[in-house]
Amino acid sequence: PRRGGGAGGGGEPVAMPRSVPVLPAVLPATDDLVELGRGVGVLQRFIDPKTQSSEGVREMLMYGLKGIAAYTDHSLVNHREDPAIYAFLRKALAFLATPSDDLNQGLGLCLEAGKANVNAMALLYDSHATSLGVPSPTQVSLKPRPGKCILVSGHDLIVLEALLKKTQPLGIDVYTHGEMLPAHGYPGLRQYSNLAGHFGGAWMRQSVEFPHFPGAILVTTNCLTEPHDTYDDRLFTAGAVGWTNVPHIGNDLTDIDFDPVIATATRARGFVEQDVAFGHPDPVGQARRPEALTVGFGHEAILGAAGTILDEIKKGTISRFYVVGGCDGFEGQRSYYTDLVANLPPTSVVLTLGCGKYRVNHLDLGTVGETGIPRILDLGQCNDAFSAVQVAVALAKALDCQVSDLPLSIVLSWFEQKAIAVLLSCLHLGLKPIHIGPALPAFVTPQVLDVLVQDYGLVPIGDPVQDAKTMAAALPTPPLCPRSP
């Protein structure tokens with residue numbers, strides 16, 4: 001781990017593959033480094049058709065390990081650790097550091113990684129719930145209010161709490177961005193009167209949204225894009241993220257110094273009375289934006305209404321659940337997720353999470369019958385896939401069936417390592433079918449895809465309208481809770 005000890009150190013040294021070259025004492029120029037990379041990089045390992053699939057599985061495992069490490073690091077910021085996670089990381093890294101073309105062993109470790117990631121997500125959820133309270137449904141304003149302001153993007157809720165505590169006496173408002181939107185669902189964060197609202201959409205829109213924010217900007221953890229000169233003089237980083245010439249204010253709560261961020265916010269214009277709406281372009285090109293979003297539907301909130309939900313299933317007002325979310329990105333194909341949800345039957349319930357939620361959380365699908373429960377439920381950050389798992393397990397128990405038999409479709413959007421870690425967790429838990437897009441990861445070869453499709457129910461996404469029909473027509477085995485006559 002980046003900070004602290006736990007069970008992360010020690011152990012026997014691992015032999016490195018013989019193919020890794022010894023770097024010179026003085027590194028060569030950039031062009032020469034690029035040429036060196038071609039000989040040892042990922043693509044070089046895909047040249048031999050005989051080992052393409054095993055190398056692809058090893059790459060999938062590496063992505064999964066990076067996602068597990070990221071979630072585990074978030075917990076470590078709040079002084080929470082699980083030695084069993086570190087032990088698995090060492091085991092998997094030892095496998096990756098030893099040449100092997102054993103496809104089955106690689107797939108087995110990928111499933112183990114899925115299990116380890118469930119534990120990592122559970123650890124992080126417990127860290128947040130214990131420190132900040134159990135999430136509960138609440139509306140989040142998407143409009144500015146007059147005053148000096150700071151925007152926080154990234155993932156770290158513990159750092160956000162420290163900033164709120166520091167700035168509340170100063171009268172400086174704090175807005176969330178990207179995957180910080182779920183922060184508003186935590187009672188321990190809502191108690192701060194200066195948690196003003198949410199600004200913007202997903203991580204990749206920083207260059208078109210940050211210029212319109214009239215205050216300081218703090219990015220915590222990953223998902224920082226190359227800063228633009230329209231706001232780089234107001235930008236700061238903290239935790240496991242950084243950029244050349246961007247001030248880094250510290251790595252954790254023991255050394256983070258918010259004073260430069262506060263000073264910049266104080267000098268900046270801030271929002272004024274004339275600002276009745278945010279000036280950034282709409283995240284999905286809507287002519288009209290909602291004035292608020294509802295967040296905070298963690299598994300406790302959903303399971304607290306389990307009796308009502310089961311009744312609605314029996315009545316037929318809920319026919320199927322859809323988990324739609326993951327990582328968002330620039331690609332135009334990602335409109336698939338918006339189109340898919342817009343074409344689902346009116347008896348659908350969508351559970352969304354991660355920054356992929358910005359493709360669907362503006363849609364109005366109404367409520368479930370007369371219950372007042374929205375048909376789109378925001379579970380939280382990408383690590384809150386743990387809540388989706390808890391909901392699935394509880395529903396399966398209530399309906400006396402296996403998780404794989406639930407009226408449930410999973411539709412993931414992937415971009416980076418955390419989404420792959422969540423995918424591996426779904427495979428480990430036997431959740432199927434799993435629809436993934438907007439394109440398959442490059443390390444999924446045809447042979448590996450055949451295994452994932454046949455044995456684990458992985459399905460590449462296709463046409464959103466047809467996929468919506470196919471998912472809606474799918475029946476659990478055996479059929480559950482038939483509609484009342």
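Here is how the numbers come out for the structure above:
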| quantity | calculated |
| --- | --- |
| Tally, over region 264-286, of residues that are under 15 Å from PHE199 (Cβ atoms), of a type outside the set (Gly, Ala, Ser) and modelled with pLDDT under 95 | 6 |
| Within region 343-364, tally of residues that are at pLDDT below 95, more than 20 Å from ILE302 (Cβ to Cβ) and open to solvent by 10 Å² or more (accessible area, probe 1.4 Å) | 3 |
| Helices (runs of 4 or more DSSP H) fully within region 45-152 counting 2 or more residues that are open to solvent by less than 30 Å² (accessible area, probe 1.4 Å) and of a type in the set (Ser, Thr, Tyr) | 52-77, 103-132 |
| Qualifying position, being open to solvent by 30 Å² or more (accessible area, probe 1.4 Å) and either under 21 Å from VAL341 (Cα atoms) or modelled with pLDDT of 90 or more (or both), among ALA468, ALA442, ALA472 | ALA472 |
| Number of positions in region 215-230 that are part of a loop (DSSP other than H, G, I, E, B) and buried (at least 20 other Cβ atoms within 10 Å of the Cβ) | 4 |
| Pairs with Cβ under 9 Å, 6+ apart, first in region 244-264 and at positive phi, second modelled with pLDDT of 95 or more and of a type in the set (Gly, Ala, Ser) | GLY250/ALA238 |
| Residues that are in contact with a Phe, Trp or Tyr (Cβ under 9 Å, 6 or more places away or on another chain) and open to solvent by 10 Å² or more (accessible area, probe 1.4 Å), drawn from region 237-249 | VAL246, PRO247, HIS248, ILE249 |
| Test set (1) out of contact with any strand residue (DSSP E or B) (no Cβ under 6 Å at 6 or more places or on another chain); (2) of a type in the set (A, V, I, L, M, F, W, C); (3) open to solvent by 10 Å² or more (accessible area, probe 1.4 Å); (4) in a helix (DSSP H, G or I) - CYS426 fails condition number | (1) |
| Condition check for ASP156: surrounded by 22 or more Cβ atoms within 10 Å (Cβ to Cβ) and either charged (D, E, K, R) or over 18 Å from LEU235 (Cβ atoms) (or both) | yes |
| Sole residue being among the aliphatic types (A, V, I, L, M) and either assigned to a loop (DSSP other than H, G, I, E, B) or open to solvent by less than 30 Å² (accessible area, probe 1.4 Å) (or both), chosen from LEU303, LEU340, LEU310 | LEU340 |
| Single condition THR176 does not satisfy, out of (1) under 22 Å from LEU377 (Cα atoms); (2) open to solvent by 30 Å² or more (accessible area, probe 1.4 Å) | (2) |
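The values are calculated or read from the model by the stated rules, or taken from the named source; none is laboratory data. Only a predicted model underlies this, so the values are computations on that prediction, with no experimental measurement involved. Reconstructed Cβ throughout: ideal geometry from the backbone, glycine too, with neighbour counts over all protein chains shown. Accessible surface is based on the protein model in full, side chains and every heavy atom, while ligands, DNA and RNA are left aside. Shrake-Rupley method; radii C 1.70, N 1.55, O 1.52, S 1.80 Å.
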